[in-house]
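Just so you know, all these numbers are worked out from the coordinates, no wet-lab data involved. Just so you know, these numbers come straight off a predicted model, no measurement behind them. Methodologically, a virtual Cβ is constructed for each residue, glycine included, from the backbone with ideal geometry; neighbour enumeration extends over all protein chains shown.
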Amino acid sequence: MSNSILKTGELKTIKFLVGESITEENLKFIDSFVFPKLSMFMPVGGSCGYAVTPDHSHPAYMFVLSYDSESEVVIEGKRIASLPNTIFALSPEIKHHEVQNYLPPKYCAIFIERDFFEEQFKRYSDELLVFNGLVINIKSHRLELLVRDFMNESQNMHHSKEMLLEALATLLTHEIIRNIVDYSFHKTILSDNMMINESIKFMNIYFEKEITIEVLAKHSKLSKSHFTKLFTQEMQVSPMIYLKNIRLQNAKKMLRTKELNITEVAQKCGFNSTSYFTKLFKEHFSLTPKEFRLKK
């Protein structure tokens, strides 16, 4: 959708962050997500009329998340091309303009109110940096998730909207700063435990699918060896034994219902061979699947 019709008061906020001379017509092809401390703008099918104005500047800090390699910005005669998975950073009052290319630009421009950004930046560095077209690689998916959350909440009509946008604006600002200063997170036991919990949830949802150590490690965003070590330490069994136990427990539940035959139960629980399933089931429960069903 294109936000060519802005809500009451939004244009005033946009002027405060982007520039006094911007007009509603400039935003004809732009989706706008507006909050006084932080606002976002995403082109939809065309360029922003203000962005392509030669040698304009902004009162706020601007950070552009690029999704393509087509967009270009000119600063002091120098062209800076966009790159996917990067942030283009620009301090207030630096003259620049976007180059209008054949393909519509694909990016999300984040404007952060000057005093608010500088107040947060001081928590990381005593020296305020000047961003004159700085390009930074995005180091995690967290920033993109926060962007989506902010966009969703900005469209929310609930009375909690302002409070949540305030919190998200703070989180987004800190996440951008942390990418800029190359902030290193201290890995904790809690984060390791959460990764193991995520892998267990994955097994319980997709136990009928083909699941390997490689699949589980990738889902947990860990190397195969590190994931196996963490999981075994936490659960006292290997990931594949734990998965086998999940499958056998689900097989028991399916056998009780008597809706599926034994071969179907085996397949539904991720066992490609009925004979192998029968062998494992008897080892685990001291009964064959058939004996278990008859007993129940």
Percent RCO, i.e. relative contact order, over the chain, from Cα pairs under 8 Å lying at least 6 residues apart: 12 percent
Note on region 189-295: contact order normalised by length, alpha-carbon pairs under 8 Å, 6 or more apart, percent, works out to 22 percent
With bins 5 Å wide starting at 0, give me the P(r) of region 189-295 over every alpha carbon pair, in whole percents. 2, 13, 23, 21, 14, 12, 9, 5, 1, 0
Taking the Cα atoms of the chain alone, what are Rg (to one decimal) and Dmax (as a whole number) in Å? 26.7, 83
Show that you can apply the helix-only estimate: for the chain, add -39,500 (n - 2.57) for every DSSP H stretch of four or more residues, divide by all residues, and state [θ] at 222 nm to the nearest 500. -14000 deg cm²/dmol
The rounded separation in angstrom of the Cα centers of region 271-296 and region 148-226 is 39 Å
State, to one decimal in nm, how far the label point of residue 163 lies from the label point of residue 181, with both points 7 Å from Cα in the Cβ direction. 2.9 nm
Footprinting proxy, 68, 192: sorted fewest to most Cβ within 10 Å, the residues are 68, 192
For region 33-176, what is the relative contact order in percent, using Cα pairs closer than 8 Å and at least 6 residues apart in sequence? 29 percent
Under 9 Å from the Cβ of residue 168, count the other residues' Cβ atoms, weight Lys and Arg +1, Asp and Glu -1, and hand me the total. -3
Once the principal axes of the Cα atoms of region 10-181 are found, what is the range along each, listed largest first in whole angstroms? 40, 37, 29
So if I place +1 on the C-beta of Lys and Arg and -1 on the C-beta of Asp and Glu, and nothing else carries charge, what would the dipole magnitude of the chain be about its Cα centre? I want it in debye, nearest 20. 2480 debye
